[in-house]
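Okay, so here's the structure we're looking at.
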């Protein structure tokens, strides 16, 4: 057993504070690509249903995809971007379309 008299002068305070490092997740653009089979109406439907675009904005993006070959659908954290791209592909497959969506890191 320690003698309290020998330890009386040692009043050491230990501070265990660790700084939390918060990092923002990497962002990814979801891009939709043109093909010769997916209808313009279906692309607008996907943009409205999955990417929550207004009718006007969906129409504008669809025309960009049609004339330029690729269109920007939105920027999201990786998990959200991947989920939205997968939802668009799944909806397209169920409808018989080969719609292609890709992700591009920002």
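The values are calculated or read from the model by the stated rules, or taken from the named source; none is laboratory data. Small disclaimer: the values here were computed from a predicted structure and weren't measured. Because the Cβ atoms are built from the backbone with ideal geometry, glycine has one as well, and the counts that use them run over all protein chains shown.
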statement: residue 92 passes all but one of the listed conditions (1) part of a helix (DSSP H, G or I); (2) touching a residue at least 24 places away in the same chain (Cβ under 8 Å); (3) touching a strand residue (DSSP E or B) at 6+ places or on another chain (Cβ under 7 Å); the exception is number (3)
message: Quick test of your reading of the structure: residue 44 fulfils all but one of (1) surrounded by 13 or more Cβ atoms within 10 Å (Cβ to Cβ); (2) under 16 Å from the mean Cα position of the chain (by Cα); (3) within 20 Å of residue 95 (Cα to Cα). Name the failing condition by number.
response: (2)
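Considering only residues that are farther than 15 Å from residue 46 by Cβ and under 18 Å from the mean Cα position of the chain (by Cα), look in region 57-81 and name the one that is surrounded by the fewest Cβ atoms within 10 Å (Cβ to Cβ).
Checked region 57-81; the qualifying residue surrounded by the fewest Cβ atoms within 10 Å (Cβ to Cβ) is 79.
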Residue, surrounded by the most Cβ atoms within 10 Å (Cβ to Cβ), within region 21-41, restricted to residues that are at pLDDT 95 or above and touching a strand residue (DSSP E or B) at 6+ places or on another chain (Cβ under 6 Å): 32
